[in-house]
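Here the structure comes first, spelled out in structure tokens, and everything after it is commentary.
Readers should treat all values here as calculations from the given coordinates under stated rules, not as data from a laboratory. As the structure is a computational prediction, the values presented were derived from the model and not from experiment. Here Cβ is always computed from backbone atoms with ideal geometry, including for glycine, and neighbour counts include all displayed protein chains.
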Amino acid sequence: MVDQRENALQYAHTKKEDFLGTFKEILAIPSISTDKEHIPDIGRAAEWLAAQLRNLGMRKVQLYPTAKFPVVYGEWLEVPGAPTVLIYGHYDVQPVDPLDLWKTQPFDPTIIGEDIFARGASDMKGQAVVTLKAVESLIQTGGMPINIKWLFEGEEEVGSPNLEAFIASHTDLLACDFAVNPDSGMIGKEYPTITYGLRGLAYFELRVYGPEHDLHSGMYGGVVHNPANALAELIAGLHDAEGRVTLPGFYDSVRALNQEEREELARLPINESHFLEQTGVPVLYGEAGFTANERTGARPTLDVNGLLSGFTGEGSKTVIPAWAMAKISTRLVPDQDHKEVHQQLLRYLEKNAPDDIRWEVKTLAGNPASISDRNNLAVRAMARALETVWGKRPYFKREGGSIPVVGDMQRLLGIESVICGFGLPDDNVHAPNEKQNLPTWFRGIDAYIHFFLNLKP
Ligand code: BES
Ligand code: MN
């Protein structure tokens with residue numbers, strides 16, 4: 001009897017150069033979702049994906065417009081009695097600045113050694129192409145063993161503001177047994193990983209206004225409260241000496257870690273030295289009483305993501321700026337509510353902002369955290385697939401980043417996601433010189449081939 005598994009794997013192995021070519025095509029499209037200038041590129045990326053799905057023979061391939069960027073859909077539902085898996089991906093990427101720190105051009109994908117460098121290589125065009133190529137390998141060697149639907153969005157990197165409404169209004173179209181979400185990574189090259197927790201996000205822009213216009217800092221220094229100073233004072237007050245966030249009520253609805261989960265997180269093959277190595281800081285910082293794995297995966301945090309005020313050009317200009325701005329994000333865990341965190345920030349400012357400045361807060365993004373089931377049919381199929389390829393059982397990790405769709409799908413479709421991708425901790429995601437490790441990427445394609453076959457009834 002012909003074994004599709006062997007044939008599909010062999011197909012994937014002989015097509016490596018081809019697969020890389022496809023990967024480079026999508027990497028060359030600068031689909032940055034935060035930047036209005038790139039709206040045409042967002043459209044090109046969506047069209048490119050639709051063309052890929054059509055080439056695979058998918059049915060009902062279509063771009064669905066949303067209030068912002070289109071959703072790409074396609075399906076193959078020709079295997080009666082087999083489960084239906086919804087494959088998620090996002091085709092947008094983060095901005096590339098600071099551009100001068102890139103060693104190659106961010107949208108000119110370049111292979112150096114084992115890695116391919118480009119914005120989106122790891123997060124997550126690489127992971128999306130893994131699923132496309134695993135499906136191609138199966139279709140070319142006998143056909144899909146199960147039913148699939150695809151859902152690609154173009155707004156993940158800006159918090160998926162329109163995806164929830166899209167899912168809510170297309171529950172029949174998207175109906176399935178479960179989702180796979182490859183928008184994630186591994187804790188190390190030799191450590192296959194399934195992510196079962198994601199943090200939520202509440203992201204704000206805080207603006208502080210002082211004098212009507214910039215002032216000579218000699219003539220007026222001493223009589224006005226500098227808004228940049230005031231902003232810095234407010235930011236400084238957001239953490240206490242124990243590294244805890246001081247927003248009133250911030251920890252009230254945080255679900256506590258039980259002993260079993262703490263022990264499990266402690267068994268992960270990454271510890272404090274991993275974080276020291278990856279970040280290059282001399283010593284770690286964070287909430288007292290919790291390990292580094294706990295602090296990134298299971299505890300909420302608050303960070304300034306950007307600051308702007310006054311004169312920031314070369315040299316000096318003696319000025320008291322008229323305003324100052326900070327982008328401030330909080331990462332949330334179950335059962336915190338991003339709308340409540342907004343209220344907490346307002347209460348903090350009402351209480352602590354001085355009378356001599358004016359402030360305003362704009363919300364930039366908000367989504368809840370999620371925890372996924374670790375022991376359903378799909379998770380077990382993925383765990384076996386990873387074990388087959390890597391020769392060891394996967395680690396289960398709670399991730400500090402956010403993928404809003406996972407919670408949306410739980411709430412609106414009643415389905416769980418298996419979160420499994422092939423990024424690595426040193427991939428420089430959201431930073432200059434983003435890369436994807438290619439041997440790991442090819443192993444990822446093998447793993448998804450096994451995963452789909454493991455689900456065959
Ligand atoms: N792929 C990431 C999330 C992620 C990061 C998973 C690290 C696993 C490891 C995702 O694309 C992302 O970066 N999301 C944003 C979402 C936000 C804008 C709502 C994030 O976490 O900052
Ligand atoms: Mn991503």
**Study point:** In Å, descending, principal axis extents of the Cα set of the range 176-314
**Key:** 63, 42, 35
Check your understanding: About its Cα centre, how strong a charge dipole does the chain have in debye, to the nearest 20, once Lys and Arg get +1 and Asp and Glu get -1 at the Cβ?
Key -> 880 debye
Check your understanding: Hey, fewest Cβ within 10 Å first, where do Met219, Met382, Met186 land in order?
Key -> Met219, Met382, Met186
Study note, to complete from the structure: Sorted by chain and then number, the residues having a modelled amide H within less than 5 Å of the amide H of Trp323, at least 5 places away or on another chain, are Gly210, Gly310
Practice item. Set Lys and Arg Cβ to +1 and Asp and Glu Cβ to -1, take the dipole of the range 148-205 about its Cα centre, and tell me which of Gly200, Val158, Val180 lies farthest positive. Key: Val180
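Over all directions, how big on average is the projection of the convex hull of the alpha-carbon atoms in the chain, in square nanometres? Before the final figure, lay out each step's value.
Values: hull surface 93.8 nm².
Projected over every direction and averaged, the Cα hull of the chain covers 23.5 nm².
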Exercise for review: Run the numbers on the range 103-188 and let me know its relative contact order in percent, using alpha-carbon pairs under 8 Å that are six or more apart.
Suggested key: 25 percent
Revision key, fill the gap. Scattering profile of the range 184-240 from the Debye formula, Cα beads only, expressed as log10 I(q)/I(0) at q = 0.15 Å⁻¹, is -0.66
Point to revise | Order of Leu308, Leu234, Leu138 under a 10 Å beta carbon neighbour criterion, fewest first | key: Leu308, Leu234, Leu138
Exercise for review: Lys and Arg at +1, Asp and Glu at -1: add these up for the other residues within a Cβ distance under 11 Å of Gly74 and post the number.
Suggested key: +3
Review point. Dipole of the chain (Lys/Arg Cβ +1, Asp/Glu Cβ -1, origin at the Cα centre): which of Leu276, Tyr191, His338 lies farthest to the positive side?
Key: Tyr191
**Study point:** Taking N as its residue count, the alpha carbon Rg of the range 149-256 over 2.2 N^0.38 Å
**Key:** 1.75
Revision key, fill the gap. HN-Hα couplings for the range 431-438 via Karplus (6.51, -1.76, 1.60; θ = phi - 60°), in whole Hz with x for Gly/Pro, come out as 10, x, 6, 4, 8, 10, 6, 6
Review point. In whole Å, what is the distance between the alpha-carbon centres of the range 249-324 and the range 30-85?
Key: 35 Å
**Study point:** Rg in Å to one decimal, and Dmax rounded to a whole Å, for the range 1-47 via C-alpha atoms
**Key:** 16.7, 55
Exercise for review: Relative to the compact-globule scaling 2.2 N^0.38 Å, provide the ratio for the alpha-carbon radius of gyration of the range 80-230.
Suggested key: 1.57
Check your understanding: So, with +1 on the Cβ of K and R and -1 on the Cβ of D and E, and no other charges, what is the size of the charge dipole of the range 43-106 about its Cα centre, to the nearest 20 debye?
Key -> 180 debye
Exercise for review: Quick one: dipole size for the range 1-44, taken about the Cα centre, charges +1 on Lys/Arg Cβ and -1 on Asp/Glu Cβ, in debye to the nearest 20.
Suggested key: 20 debye
**Study point:** Alpha carbon convex hull of the range 39-125, projected area averaged over orientations, nm²
**Key:** 7.9 nm²
Exercise for review: Please report, to two decimal places, log10 I(q)/I(0) for the range 256-384 at q = 0.09, 0.12, 0.14 Å⁻¹ as given by the Debye formula with identical point scatterers on the Cα atoms and no solvent.
Suggested key: -0.45, -0.74, -0.93
Point to revise | Alpha-carbon centroid distance for the pair the range 134-166 / the range 197-241, whole angstrom | key: 43 Å
Practice item. Express the C-alpha Rg of the range 1-160 as a ratio against the empirical globular expectation 2.2 N^0.38 Å, rounded to two decimals. Key: 1.09
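Test of understanding: given the chain, find the longest segment containing no trypsin sites (Lys or Arg not before Pro) that are in a DSSP loop and have at most 15 other Cβ atoms within 10 Å. If you can, show how the numbers build up before the last one.
Numbers: sites that count: Lys103, Arg255, Arg267, Lys317, Arg374, Lys392.
It runs 104-254.
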Exercise for review: For the range 105-168, state what percent of all Cα-Cα pairs lands in each successive 5 Å bin, counting from 0 Å until the bin that includes the largest distance.
Suggested key: 4, 12, 17, 17, 16, 16, 12, 4, 0
